[in-house]
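What follows is a set of notes on a single structure, which appears directly below.
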Amino acid sequence: MENNDVIFGINGPVVTVKNSKTFSMMEMVYVGKQRLVGEVIKITDKATTIQVYEETTGLKPGDTVIGTGAPMNVLLGPGIMDNIFDGIERPLKEIEKMSGSPFISRGAAVSPLDTEKKWDVHITVKTGDKLKGGDIYATIPETAIIEHRVMVPPNMSGEVVKTVKDGKYSIHDTVIVIKDKSGKKIDLSLCQQWPIRTPRPVINKMPADIPLITGQRVIDTLFPVSKGGTAAVPGGFGAGKTMTQHQLAKWCDADIIVYVGCGERGNEMSQVLQEFGELIDPKSGRPMTDRTVLIANTSNMPVAAREASIYTGITLAEYYRDMGYHCAIMADSTSRWAEALREISGRLEEMPAEEGFPAYLPSRLSEFYERAARVQNLNGSEGSVTVIGAVSPQGADFSEPVTQNTKRFTRCFWALDKSLAYARHYPAINWMTSYSEYFTDLDAWFEQNQGRDFIEYRSKINAILQEENKLMEIVKLIGADVLPDDQKLIIETARVIRVGFLQQNAFHKEDTYVPLEKQKLMMKTILHLHEVASDLIGRNIPISRITSLGLFDKLTKMKYDIPNNKLELFKNYEKEIDEALNTTLTAEFN
Amino acid sequence: MVLDYVGVKEINGSLIVLDGVKDAFNEEIVDIRLDNGTVRQGRIVQMDGERIVVQVFESTRNISLKNTKTRLTGKPMEMPLSKEIIGRILNGSGKPIDGLGDIYPEKKANINGTPLNPVSRIYPKNYINTGISTIDTLITLIRGQKLPIFSGSGMKHNELAVQIVRQAKIADDDGKGFCVVFAAMGVKNDVADYFKRSFEEFGVMNKVVMLLNLANDPIIERILTPKCALTVAEYLAFELDMHVLVIMTDMTSYAEALREFSSSKGEIPGRKGYPGYLYSDLASLYERAGMVKGSKGSVTQIPILTMPNDDITHPVPDLTGYITEGQIVLDRALQGQGIYPPISILPSLSRLMKDGIGEGYTRADHQALANQLFSSYAKVIDARSLASVIGAEELSPIDKKYIAFGEKFEEQFVNQKFTENRSVEQSLDLGWDLLGYLPRGELDRVDDAILDKYYKPHEE
């Protein structure tokens, strides 16, 4: 077909083509001689507007624009795990090899997945089997811990008419042939394409009643998120958003981690690459990278690709979910994505809404967060995608549009607090302003797996923190000395909870990940001390006598002193508390 | 065939519009010859068919609709590069102004640069010893980091930057391959002169490249200044294997120039009138720091910015903080107390510090000490605010100890002479000495083994 579609106007990353009727919305196009990747974002009868995912320096009016006939999509198949892509699924390691320089050259045309590599394929179907969309027909050991399950694309079905033998195949080799209802034969290989802006279909969504265990005390205990849930991590710069995201990516009990570095720092990505490669997952004994895929669109990479990176990430997560895995996607940071929307909207001269953001910001955000869920897949298996999005509010002001709209669509809100971060209290999740709506959904699970007392301890801890917050208002005005002893005890216990429990040291080998069992015992021990001490205060023993025993300081350090595999030591702590306080009591009455 | 386009269609601020231009490309550089013989340069920033919008670097003064001839150069904005550039003084768009003639280029590079592949980066880990206690102990600077100084008008950010340049051990172990790229954007002549004199005093002027766009120079040139400076820095670091320290002052002026340009282009403004792409634009500068595989050099950035009205939530410091790997925040109250450098430690941060300190780098107790100092100093601030309500006399004994610790900390640890160069060990020991004014039970960020080794309480 003759191609008359040529560039008319150029404004930053936005290119217009005049008098063209050939393009469809969201179609992927190649722009100019260097074949820069772009996407159609607006069509009128006079002009088609395209956002280009690469630097537009050097483009000329008159250069050709070639449509691909398909929307922006990603290639899904083995080789995604342990890989690092840019915002539109170009493999950065391959680009490095190809360009031979540390800089990313433009128009680099590389297949997202290795087309040469031969995978060990095991065919799981035989001739005559009826397959529908989502059904698994082959398995491949993708990494040491992840089995890749090759599925029929969701919109296809039919009867298997031919299969190959188990053996070594590359991703484009045909491994089975199916015949659909109309009798048409379709070759299926090891990979498939999927448009990034379309959610992959499922049978139905399931309730969010299983927690995502993260090993972070403040999250697991006070603000748990469920598998298939959504959480927002807002915080000003330096509040520890990225640290929190890294901790979750390292320790949460999802099978697959998709980490999207959206408009963030290049050095941070190289840190993730290095750290995750060295870190050994305690459950599998393999490097963390074996279950991780990174999408890196750093802040200096093209803004339009930044906008796409979030969708690329969640599509990859959905693909693995369809295989029956629990996936978690960390998006750091969704504010940069919203800003990319704003930037492109500005270039299109659209009417801005709040703070220059386009009016469709809330609908885009809700579309994205709604893709998180625990689901029953087309093939009947169960999987989930949990979305944890960092938000970087301008001036750390939570009333700005991105934070406010994110709050509407996420059910967990881990508000990071500047003053906690200043005092180097990490994770700086403020226990007064954060919330989790999953509490009640998860209660049944906690009761079954950790016992009713876990929930009781949690509410008691919560009550003490609330109480302390009220008391601190008074303390700020008149000082702590004038409080009665029982209120002083609240403040003392709350200090142990804050420093000894909520604060967690990511660099300490015992403290970086804490199993639920230990979290529960820590709460139990702290509450035990609180109860015994308040009993003593009820018998008119001054609190100074009790604090001088050093028990509170000892509990503050139990997170370091008790290794995760020696939980029986908690017994000794309780014994010690009882003995010490008994001695005090007897001494007082003799 | 070379075509001259006579006249322009429209003039608006620093932009001119031409019609009927054929075969131009986006971001191409054009020469604009005035009737009186002067030549100015401009860059194509927007195109609609044959209508092009050109940004003129040296103001549009004297340009009329008829008195110009415009010629396409066929090149994007490029910077001539060679080893000889070290020691030279250039203007904001990279042309020599020291009267020593043109730079004979070994190569030319597009000043916009290309994004670094995250895979090719080396995660920076080597700390730079600056000899300043607060920075070395609490906000450790790492080679390849971008660590801005957030300051305000009238504060001693220039002195601090000069002291870092003088004392910092940036060079290799054998003391080779170190140089400074200094980019001045919209600063007063005195400031540029102060840096120049200081460099001459330490005898490093032959290791400095200066790019000067002073307060009265054209604003469009100001937009190019940091780009040119970083292009030079990348060349020196990644092709000549040098350790380059880039000082850029003042980023607020840069952002204002960008705002001026954006508004004359008629773009939709974001917060405080700054363009919506300010974040991406700043990122395209700050991200040009780091270390890459296959090269021994590094680019370390110390941008300086003045916070309008000392407001850290102003868009420029705010967006900067989201991109850079930490920040050094100066405080007017500390400067008022006569403390130099007036670094407010609580909001200051170095993100890369955690992997560049400790055993094998500085000393095993470094991280714990830093955490404890931050945490204890935060309590000092609490105690002070309480004292301002109920009076210092009414404070509990422990709060009084914190007040005393806070004063000593500011006077002895934060405060240091402009010429004083403290080793890391000295700074760490000083930190432990000061913690000795607090009872051991208060030090809850340090485990007992380290406390046993370093903690020595002072006599009452």
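Using only the Cα atoms of the protein assembly as shown, construct the convex hull and provide its projected area averaged over every direction, in square nanometres to one decimal.
Working: hull surface 181.5 nm².
Averaged projected hull area, Cα only: 45.4 nm².
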* Name the residues of the stretch B:359-397 whose accessible area, probed at 1.4 Å, falls by at least 30 Å² once all protein chains are in place instead of their chain on its own? -> B:Phe374, B:Leu386, B:Val389, B:Ile390
* Area hidden from solvent between A and B (accessible, protein heavy atoms only, 1.4 Å, total, Å²) -> 6300 Å²
* For q = 0.22 Å⁻¹, Debye-computed log10 I/I(0) when each Cα of the stretch A:125-235 counts as one equal scatterer -> -1.21
* Asked: If the stretch A:451-589 were replaced by its equivalent ellipsoid, with semi-axes equal to the square roots of 5 times the Cα gyration tensor eigenvalues, what would those be, largest first, whole Å?
  -> 25, 19, 13
* Structure fact -> dims of the stretch A:67-197, Cα set, principal axes, largest to smallest, nearest Å -> 51, 37, 20
* With the dipole of the protein assembly as shown worked out from charges on the C-beta (+1 for Lys and Arg, -1 for Asp and Glu) around the Cα centre, which of A:Thr124, A:Ala340, B:Ala449 lies farthest toward the positive end? -> A:Thr124
* Given charges at beta-carbon only (K, R positive; D, E negative), |dipole| of the stretch A:451-589 in Debye -> 420 debye
* Which whole-number percent is the relative contact order of chain A (Cα, under 8 Å, 6+ apart)? -> 13 percent
* Asked: Dividing the alpha-carbon radius of gyration of the stretch A:192-344 by 2.2 N^0.38 Å (N being the number of residues), what value is obtained?
  -> 1.04
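Partner chain Cβ atoms within 10 Å, averaged over the residues of B:107-117 - can you pull that number for me?
6
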* Structure fact -> Given A:395-404, B:412-421, the highest-first ranking by average Cβ count within 10 Å works out to A:395-404, B:412-421
* To do: Take the Cα radius of gyration of the stretch A:7-71 and divide it by 2.2 N^0.38 Å, with N its residue count; two decimals is plenty.
  => 0.95
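Can you tell me what percent of all Cα-Cα pairs in the stretch A:117-190 are more than 15 Å apart?
When all Cα pairs of the stretch A:117-190 are counted, 49 percent exceed 15 Å.
Express the carbon and sulfur contribution to the solvent-accessible surface of the stretch A:146-189 as a percent, rounded to the nearest whole number, probe 1.4 angstrom.
46 percent
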* What number, in percent, do you get for the relative contact order of chain B if the mean sequence gap of Cα pairs under 8 Å and at least 6 apart is divided by its residue count? -> 16 percent
* Asked: In what sequence, largest accessible area first, do A:Lys118, B:Lys188, A:Lys520, B:Lys107 appear using a 1.4 Å probe?
  -> B:Lys188, A:Lys118, B:Lys107, A:Lys520
* Relative to the first principal axis of the alpha-carbon coordinates of chain B, what is the inclination of helix B:157-167, with its axis defined by its Cα atoms, in degrees from 0 to 90 and to the nearest 10? -> 80 degrees
* Packing-based ranking, highest mean first, of A:128-134, A:271-277 given that Cβ atoms within 10 Å are counted -> A:271-277, A:128-134
* In peptide A:412-423, what is the residue-averaged number of other protein chain Cβ atoms found within 10 Å of each Cβ? -> 3
* Looking at chain B from every direction and averaging, what is the projected area of its Cα convex hull in nm²? -> 25.1 nm²
* How far, in degrees from 0 to 90, does helix A:569-589 lean away from the longest principal axis of the Cα atoms of chain A, to the nearest 10? -> 30 degrees
* Quote the charge dipole size of chain A about the Cα centre in Debye, to the nearest 20; the model charges only the Cβ of Lys and Arg (+1) and of Asp and Glu (-1). => 1120 debye
* Structure fact -> For B:Trp432, A:Trp431, A:Trp445, the accessible-area ranking with a 1.4 Å probe, largest leading, is A:Trp445, A:Trp431, B:Trp432
* Asked: Rg to Rh for the stretch A:1-154: what is it, with Cα atoms only and Rh by Kirkwood?
  -> 1.07
* Structure fact -> Mean other chain Cβ within 10 Å across A:267-277 is 6
* Structure fact -> Taking a probe of 1.4 Å and leaving out DNA, RNA and ligands, the protein assembly as shown shows per residue an accessible area in Å² of 37 Å²
* Asked: In the protein assembly as shown, with Lys and Arg counted as +1 and Asp and Glu as -1 at Cβ, which of these residues, B:Tyr194, B:Tyr254, B:Ala161, has the Cα nearest the positive end of the dipole, that is, farthest along it?
  -> B:Tyr254
* Asked: Excluding ligands and nucleic acids, what accessible area in Å² is computed for A:Ile537 using a 1.4 Å probe, to the nearest 10?
  -> 20 Å²
* At least 20 Å² of accessible area lost relative to the chain alone, listed for the stretch B:46-86 with a 1.4 Å probe -> B:Gln46, B:Met47, B:Asp48, B:Gly49
* **Highest to lowest packing among A:572-578, B:312-318, B:35-41, scored as the average C-beta count within 10 Å** => B:312-318, A:572-578, B:35-41
* Relative to the compact globular guide of 2.2 N^0.38 Å, what is the alpha carbon radius of gyration of the stretch A:365-413, as a ratio? -> 1.45
* Cα axis of helix B:397-408 to longest principal axis of chain B: angle in degrees, 0 to 90, nearest 10? -> 50 degrees
* **Scattering curve values for chain A, log₁₀ I(q)/I(0), Debye with Cα scatterers, q = 0.05 Å⁻¹** => -0.27
* To do: Report in % the part of the accessible area of chain B that belongs to carbon and sulfur, leaving out ligands and nucleic acids; probe 1.4 Å.
  => 48 percent
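The values are calculated or read from the model by the stated rules, or taken from the named source; none is laboratory data. Since the model is a prediction, treat every value here as computed from it, not as a measurement. Note that we place each Cβ from the backbone using ideal geometry, even for glycine, and neighbour counts take in every protein chain shown. What goes into the accessible areas is simple: the full protein's heavy atoms, side chains included, and nothing from ligands, DNA or RNA. Shrake-Rupley method; radii C 1.70, N 1.55, O 1.52, S 1.80 Å.
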